[in-house]
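What follows is one structure encoded as structure tokens, with my remarks underneath.
The values are calculated or read from the model by the stated rules, or taken from the named source; none is laboratory data. In this text the structure is predicted, and so the values were computed from the model without any measurement. Every residue, glycine as well, gets a Cβ built from its backbone with ideal geometry; the counts of neighbours run over all protein chains shown.
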């Protein structure tokens, strides 16, 4: 039995190798253009991260103010006053139309929600639920505190 000896004297690529290379390059180009779009945008990734961090920091400050004022035994807590305080102090970031207190009143066995926020909590009602919404550069962050 003879062993066949092949000589590879071929120069260049075969058609199948070219097709596979083109497919891989096109898939990589699509992935690069899809995942790098935020990096090359007008604002860039760093300013997006900065905006997100600023929103989270302000949300934490508002939550700290809320806890401090709720636990202050010298001042009775008034939801309407607190809402105005938050809107005035954090005015460029706080969305006034979506920030306030949602109150629930119990009538028999039925609970009724009241929005927009009420200044006075009706007697026999559950404690109000704080809803805060902040926004900046098309980014919105909301928080619900019970």
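Quick notes
- Residue 73 meets all of the listed conditions (1) outside any helix (DSSP H, G or I); (2) at pLDDT below 85; (3) over 27 Å from residue 139 (Cβ atoms) but one, namely (2).
Conditions tested, residue by residue: (1) within 28 Å of residue 86 (Cα to Cα); (2) touching a strand residue (DSSP E or B) at 6+ places or on another chain (Cβ under 9 Å); (3) modelled with pLDDT under 85.
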| site | (1), (2), (3) |
| --- | --- |
| 1 | no, no, yes |
| 5 | no, no, yes |
| 11 | no, no, yes |
| 19 | no, no, no |
| 26 | no, no, no |
| 32 | no, no, yes |
| 42 | no, no, yes |
| 53 | yes, no, no |
| 56 | yes, yes, no |
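- Residues within the stretch 108-141 that are at pLDDT 65 or above and surrounded by fewer than 14 Cβ atoms within 10 Å (Cβ to Cβ), tallied: 5
- The condition of being within 22 Å of residue 145 (Cα to Cα), modelled with pLDDT under 85 and part of a helix (DSSP H, G or I) does not hold for residue 64.
- Of all residues in the stretch 70-86 being touching a helix residue (DSSP H, G or I) at 6+ places or on another chain (Cβ under 7 Å) and surrounded by 15 or more Cβ atoms within 10 Å (Cβ to Cβ), the one that is farthest from residue 55 (Cα to Cα): 82
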